[in-house]
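Student: Dropping a structure here in structure tokens format, bear with me for questions.
No value in this document is a laboratory result; all are computed from the given coordinates. Please read these numbers as outputs of a predicted model, since none were measured by experiment. In this analysis, Cβ positions are derived from the backbone assuming ideal geometry, glycine residues included, and neighbour counts consider all displayed protein chains.
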Amino acid sequence: MEDSADLKVKCSEAIQLLQLGHIELLANQYGYALAFGRPAHQAIHADLSACLHELGAHGFTPLPPLPEIEVSFLTENSSGIEAVIECLVETDSGAKLLVEFISTEKGISLEHISTAA
């Protein structure tokens, strides 16, 4: 199991791909758990666009601050999920997106993109 610092670094790198618009690379490296049968890159793009629209944003801030990242480790469970990583990412409207990852013994996966409450 990776420690909190390692998970934060890896998720920061994934967030940077999202902020730079490298959606296909992000999808190839991290997948997308909530693709619901859609190709991962198309699902990420669609969900990101819907969230940005809901927040009145067009993208991310030009000089984005580091995302706020919180790592929660789970006790042993049947799903194999070791940790949930929640990242708050600032948009150009000032509102934040919630980008969630999960960590398993197989690595880190992009779980979901949504508007932050």
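Student: Could you tell me which residue out of Ser114, Leu17, Phe101 lies farthest along the dipole of the range 4-115 toward its positive end? Charges go on the beta carbon: Lys and Arg +1, Asp and Glu -1, centred on the Cα centre.
Tutor: About the Cα centre, the residue reaching furthest to the positive side is Leu17.
Student: Now for a different question. Across the chain, what fraction of all alpha-carbon pairs, as a whole percent, falls in each successive 5 Å bin from zero upward?
Tutor: Going from the shortest bin to the longest, the percentages are 2, 12, 23, 24, 20, 12, 5, 1, 0.
Student: To continue, here is another question. Report, in debye and to the nearest 20, how large the dipole of the chain comes out about its Cα centre when Lys and Arg carry +1 and Asp and Glu carry -1 on their Cβ.
Tutor: 340 debye
Student: Enumerate the residues in the range 5-38 having an amide nitrogen under 20 Å from the point lying 7 Å beyond the Cα of Leu66 toward its Cβ.
Tutor: In the range 5-38, the label zone of Leu66 (backbone N under 20 Å from the point 7 Å along Cα→Cβ) covers 5-20.
Student: Within the range 8-117, list the trypsin sites (Lys or Arg not before Pro) lying in a DSSP loop whose Cβ has at most 14 other Cβ atoms in a 10 Å radius.
Tutor: Hits after loop and neighbour filter: Lys106.
Student: Among all stretches of the chain without exposed GluC sites (Glu not before Pro) (DSSP loop, at most 14 other Cβ atoms within 10 Å), which one is longest?
Tutor: Counting at most 14 other Cβ atoms within 10 Å as exposed, the longest clean stretch of the chain is 1-75.
Student: Which residue, Cys51, Cys87, Cys11, tops the fluctuation ranking in a GNM of the chain built on C-alpha contacts under 10 Å?
Tutor: Residue with maximal mean-square fluctuation among Cys51, Cys87, Cys11: Cys51.
Student: Still on this model: Report the calculated FRET efficiency for Asn77 and Gln16 (r = Cβ-Cβ distance, R0 = 25 Å), to the nearest 0.05.
Tutor: 0.25
Student: Now, a different point. Roughly how tilted is helix 40-54, in degrees to the nearest 10 and between 0 and 90, from the longest Cα axis of the chain?
Tutor: Relative to the chain, helix 40-54 is tipped by roughly 50 degrees.
Student: Taking only Cα atoms and a 10 Å spring cutoff, compute GNM fluctuations for the chain and point out the largest among Ala46, Ala27, Ala14.
Tutor: For the chain, modelled as a Gaussian network with Cα springs under 10 Å, the answer is Ala46.
Student: Can you tell me the length gained on complete extension of the stretch His53 to Thr115, counting 0.36 nm per residue apart and subtracting the Cα distance?
Tutor: 21.3 nm
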